[in-house]
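None of the figures in this text is laboratory data; all of them are computed from the coordinates on show. Please read all numbers here as calculations on a predicted model, not as lab measurements. Glycine also receives a Cβ, built like all others from the backbone with ideal geometry; neighbour counts cover every protein chain displayed.
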Amino acid sequence: MTSLIRKVWVSVVSRSGSSSGSAHMSNPNPLSDHDRFLQMMYIQTSSTGEFDRIPIDIFMQILKILGPRESARVRAVCKAWKFLVSDNRLWIYFLQNQPEPWDSVFFAETHLRSGYPLQVFPSQMHDLSFMHIYGQREEAPGALIIDGGSGYCKYGWSKYSSPSGRSATFLEFGNIESPMPSRLRHFFSTICNRMQVKTSTQPIVVSIPLCHYDNTESAKSSRRQLKDAMYSTLFDMNVPAVCAVNQATLALFAARRTSGVVVNVGFHQTSVVPILHGKVMHKVGVEVVGMGALKLTGFLRDRMQQNNIHFDSLYTVRTLKEARLSKRYEIIDALPYLLEADETVVVFPARLEKELYGLLPPSISSGIRVLPPPYGTDSAWYGGKLVSNVISAVVDKSFVYVGIISVRPAKK
């Protein structure tokens, strides 16, 4: 992994003018001083009759109580009120009181709204109209999000706070990383039936499994073939819009980053994926280790059998691993760590960060932060949830990709 990080560092610093769009952004001033000055001058030169007696801060509090819909209607009364209602601070307040966390909304609007290729420098807050953003998010149709891996699949509505269902992909559908239309059609149609939706009515956001890692022409062709098979299958099912994004990229988006190195502990193997501005750096290289959750479950079963505890099903051992395995211990440097088993192998962020600092020179390790997955094994699904609210583009059925979304227009 350290060799991969060295390669990533060399690649990034060699790009002239490149800058990571993943820096954590604090809430900047929503209006520039000049804009605020113009706003105050405009309001002072406008008259609203008897309402001129109401202080602006009290008026804004009234708008907050009225809510977004009534506030939008107030804009039609006069130009002065239209100006006040358009204030970013008011609509930021409304967005902050939505079920979706504000920091995720802010990240999506400043980093992902422009589509792919992602902007090197994210949009500044005073360049955005959060009133329009609020309206766009309200009008965005609910999308079906499908995160299908080689082990388990998570699916659900983008308007929900968490996945609606899960299934064992390897048991029900086999290897969905193989671009077989019949297998993919069975996979997608089964999930749509379980969600009780018509495929012709809902857009779908789907994760692309981590496979065919190399930068060879053969691997590139295999990745393209898998993506095209997904698009073809879903469009043949009359899905109106399809967005397919790499699984590691979605997990990175869930952590509110567009650049980084994703350590993905999968069902069969663990992969280390470098990503720059939302794009997997295949030229740098993706490292793969043949150790995943399945081997850990098998190892746990062997240890239990050595203690005369026998289970016929790996599923039972997996359930015990996720629900019961908890051990506090002392590592070499005498720092306590807590291991809580879940659906995959748990990575210790603090421990990994400490080891990277010891293995890499200060010029590279300085500034490295190891972040735990914000939503655990559901991180890629939540990344799809972020993407579903901001993407928009239309192309025809010939699969000419515009950004990270392909849409088939309705038949005339």
Legend entry - Long-range amide H partners of V262 with built H, under 5 Å: V273, I275
Legend entry - For C211, C78, order by how many other beta-carbon atoms lie within 10 Å, fewest first: C78, C211
Inset, instruction - Quick one: of K154/K321; K227/K279; K279/K385; K159/K321; K154/K354, which pairs are farther than 22 Å apart, Cα to Cα? - result: K159/K321; K154/K354
Legend entry - Residue order, fewest to most surrounding Cβ atoms within 10 angstrom, among T190, T199: T190, T199
Legend entry - Within region 281-321: Cβ-based charge dipole about Cα centre, in debye rounded to nearest 20 (Lys, Arg +1; Asp, Glu -1): 100 debye
Inset, instruction - Name the residues whose placed amide hydrogens come within less than 5 Å of the amide hydrogen of V205, ignoring near sequence neighbours (fewer than 5 apart) on the same chain. - result: L144, I145, I146, C243
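At most 10 other Cβ atoms within 10 Å and a DSSP loop assignment: could you name the trypsin sites (Lys or Arg not before Pro) in region 250-290 that fit?
Those that pass, being in a loop and sparsely packed, are K283.
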Inset, instruction - Starting at the first residue of region 219-224, write each ³J(HN,Hα) from the Karplus equation 6.51 cos²θ - 1.76 cosθ + 1.60 with θ = phi - 60°, in whole Hz, x for Gly and Pro. - result: 5, 4, 5, 5, 5, 5
Legend entry - Proxy reagent accessibility, fewest Cβ within 10 Å first, across E138, E217: E217, E138
Inset, instruction - Could you calculate, for region 169-295, the ratio of the Cα radius of gyration to the Kirkwood radius, expressed as Rg to Rh? - result: 0.97
Legend entry - Cleavage-rule hits (chymotrypsin sites (Phe, Trp or Tyr not before Pro)) in region 206-270: DSSP loop, at most 13 neighbouring Cβ within 10 angstrom: none
